[in-house]
Amino acid sequence: MTDFKDRLSAAQKEVNEVIEAFLPKEEGKARLIFEAMNYSVRNGGKRLRPLLMRESFRAFGGDKLTEKLLTEPFMAAIEMIHSYSLVHDDLPEMDNDMYRRGKLTTHAAYGQDIAVLAGDALLNYAYETIISACVSADTAEKRLAAVRAAEIISVKAGVYGMVGGQTVDVSKTGQRLDDSELEFIYELKTGALLEAALTVGAVLAGATDEKVAKIETASKRIGMAFQIKDDILDETSTDEILGKPVHSDAENNKTTYVTLHGIETAAKEADRLAAEAKMILDELGLCGDFLSGLFNYLVERQH
Ligand code: GRG
């Protein structure tokens, strides 16, 4: 376990360096927007999506040059997309949260107008980063893989993915949902970006369609387990450990897996889904891999 923790923090440090290299310079007349963008990204997140992307890429045998040219910009881009979603989710019009990761949220630090723009800017900058990577691919085969990866990320982040899930979530707040509605929201709002991370890693590494489909299924299971764990932490953790107010689901009158089934059943379901996801990794021959350790971490994490 200590070995895994050390490896995880070393990997998170490396991922932070990758992300940092793609952040915009804070300069010029519009300097404020760059500051707000960077503030939103540089705030101690766990970097799970870029990390999962990199480890999937490596597990599927991706080479060092492609990692540098393609995977790294995609890693930075997915974290920009994740950060934009959090900036917008924290706005008064959505969850109205003042703290995230133990720091003021972007709207609390910069005002709502700049927070809306910072979210927009991060989303757009993510695609600027991805398109530059596609253009700079050094072979036609890699360019094709990069374009396929760009398609995956754009679909999973958009109306058929995260934005679609968030729309149903926001519009149903205050109503009691059933399991299938909740599953729809979790699969899109939370799962889609994790799926994008793992499948993009596989596609950029040149994995076969069959393997890409398998890792996509594994990501669906682990994405669901991750969100159920999030529900459990909202109920059982503290503001200090989580870096944001706990019990926000209850305060926002949200149906969660925990409100529907209770903590014990939720914990069992998260473990069951994680076990299924790891079985798929096993079928792919990736069971002893760091990736499998990351899957455990997603359901065992304390924040
Ligand atoms: C605004 C389009 C739009 C979408 C927002 C991400 C999201 C959708 C809402 C945030 C609320 C929430 C609980 C989402 C579920 C996904 C989730 C658990 C996000 C937090 O991800 P972590 O734990 O965060 O990876 P860090 O802080 O580590 O980056």
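Quick notes on this structure:
- Within the chain, longest stretch clear of exposed GluC sites (Glu not before Pro) (DSSP loop, no more than 14 other Cβ within 10 Å): 94-303
- Our coupling estimate for segment 240-255, obtained by passing each phi through the Karplus curve with A = 6.51, B = -1.76, C = 1.60 and θ = phi - 60°, is 5, 5, 7, x, 7, x, 7, 6, 5, 5, 5, 5, 8, 6, 9, 6 Hz, Gly and Pro reported as x.
- Rounded to the nearest 20 debye, dipole of the chain from Cβ charges on Lys, Arg, Asp, Glu: 680 debye
- Taking a ≥ b ≥ c as the square roots of the eigenvalues of the alpha-carbon gyration tensor, the chain is classed oblate because a/c is 1.5 or more while a/b is no larger than b/c.
- Taking a ≥ b ≥ c as the square roots of the Cα gyration tensor eigenvalues, segment 1-153 comes out oblate, since a/c reaches at least 1.5 and a/b does not exceed b/c.
- For residue 99, the residues whose amide H sits under 5 Å from its own are 105, ignoring neighbours fewer than 5 places away on the same chain, with H placed 1.01 Å from N.
- Taking all protein chains into account, the per residue accessible area for segment 110-246 stands at 44 Å² (1.4 Å probe).
- Residue-by-residue Karplus 3J(HN,Hα) for segment 47-55, coefficients 6.51, -1.76, 1.60, Hz, glycine and proline x: 6, 5, 5, x, 5, 4, 4, 4, 5
- FRET efficiency for the pair residue 263 and residue 9, taken as 1/(1 + (r/R0)^6) with r the Cβ-Cβ distance and R0 = 25 Å, rounds to 0.30.
- Extension gain, residue 209 back to residue 253 (0.36 nm per residue minus Cα-Cα distance, nm): 11.7 nm
- Taken over segment 79-209, lysine pairs spaced eight or more positions apart, or on distinct chains, with alpha carbons under 27 Å apart number 5.
- With every protein chain in place, the chain: carbon and sulfur % of accessible area (1.4 Å): 53 percent
The values are calculated or read from the model by the stated rules, or taken from the named source; none is laboratory data. Only a predicted model underlies this, so the values are computations on that prediction, with no experimental measurement involved. Note: ideal-geometry Cβ built from the backbone for every residue, glycine included; neighbour counts use all protein chains shown. These accessible areas exclude ligands, DNA and RNA; they are computed on the full protein's heavy atoms, side chains included. Shrake-Rupley method; radii C 1.70, N 1.55, O 1.52, S 1.80 Å.
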